[in-house]
Amino acid sequence: MRILIYRTFIASTILCQSIAMVCASSNLGSAETPPAQQVAPSAADDADADSAQMALTDKQVQNLLAAQKTISSIVEKIPEDQTDAPNPQIQAALDKTAKRYGFKDYGEYDDVANNVTFILEGFDREKKTFVGHDAIVKKQMDAISADDKLSPKEKRTQLRDLKETLRTIEPVKYPDNITLVAKYYDKLSEIFDDEQ
């Protein structure tokens, strides 16, 4: 189960970058990243992030940065059919690696990674500042509204989904996490760029 959560973490980081590209792009209808292909965080993603929100420490983020590459290399070797019920040897390797980097186990590593990702999803990529999850979704809505390449039906559907997302966004429970993630923003972004 922890493997599935980690893969969700990776997908979430890619999603974060897609949303941030909307904020950073001056040509919102560019062929490279058309708004029609961009997806806002779902209500389930926000609920999952909220249910596991925790106060992060500087040491946890440093440990995450140190451990990520090694843990990612283990996760990449997991066959698709084992994501829900990972091989006990793989789970043991993940736990051992997480412990080596200062975590209690892989579960703690995963919780820290999910919290960092949740905060990063609210950052404006260009400004490297936290603008909030709602601001990111609103900018994406503006981009979709302005995109002449989308049919009216596609616009209505995407805007309806984004409005629902906007209604379900959970607030950040630990504002100090924003400051902490901002401190390591460049290093964390580099990790997520590598994951793409």
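The values are calculated or read from the model by the stated rules, or taken from the named source; none is laboratory data. Computed from a predicted structure; not experimentally measured. Heads up, the Cβs are rebuilt from the backbone with ideal geometry, glycines too, and the neighbour counts pull from every protein chain shown.
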*Give the residue, chosen from V131, V137, that is among the β-branched types (V, I, T), out of contact with any Ser or Thr (no Cβ under 7 Å at 6 or more places or on another chain) and at negative phi.*
V131
*Scan segment 137-160 for residues that are assigned to a helix (DSSP H, G or I) and not charged (D, E, K, R) and jot them down.*
V137, Q140, M141, A143, I144, S145, A146, P152, T157, Q158, L159
*Kindly indicate the residue of segment 79-136 that is assigned to a loop (DSSP other than H, G, I, E, B) and of a type in the set (G, A, S) and also surrounded by the most Cβ atoms within 10 Å (Cβ to Cβ) among those meeting that condition.*
G122
_Suppose we filter T83, T70 for residues that are more than 15 Å from the chain's Cα centre (by Cα), among the β-branched types (V, I, T) and modelled with pLDDT of 95 or more; which single one remains?_
T70
_Odd one out for D110, checked against (1) closer than 13 Å to I74 by Cβ; (2) in contact with a Pro (Cβ under 8 Å, 6 or more places away or on another chain)_ = (2)
*Odd one out for V137, checked against (1) at pLDDT 95 or above; (2) in contact with a Leu (Cβ under 6 Å, 6 or more places away or on another chain); (3) hydrophobic (A, V, I, L, M, F, W, C)*: (1)
*Can you work out which of the residues in segment 58-105 that are in contact (Cβ under 8 Å) with a residue 40 or more places away in the chain and of a type in the set (V, I, T) is nearest to V181 (Cα to Cα)?*
V61
*asked:* One residue is enough: does segment 161-179 have a residue meeting the conditions in a helix (DSSP H, G or I) and touching a strand residue (DSSP E or B) at 6+ places or on another chain (Cβ under 8 Å)?
replied: yes
*asked:* Quick check on E121: is it within 17 Å of the chain's Cα centre (by Cα) and without any contact (Cβ under 8 Å) to a residue 12 or more places away in the chain?
replied: no
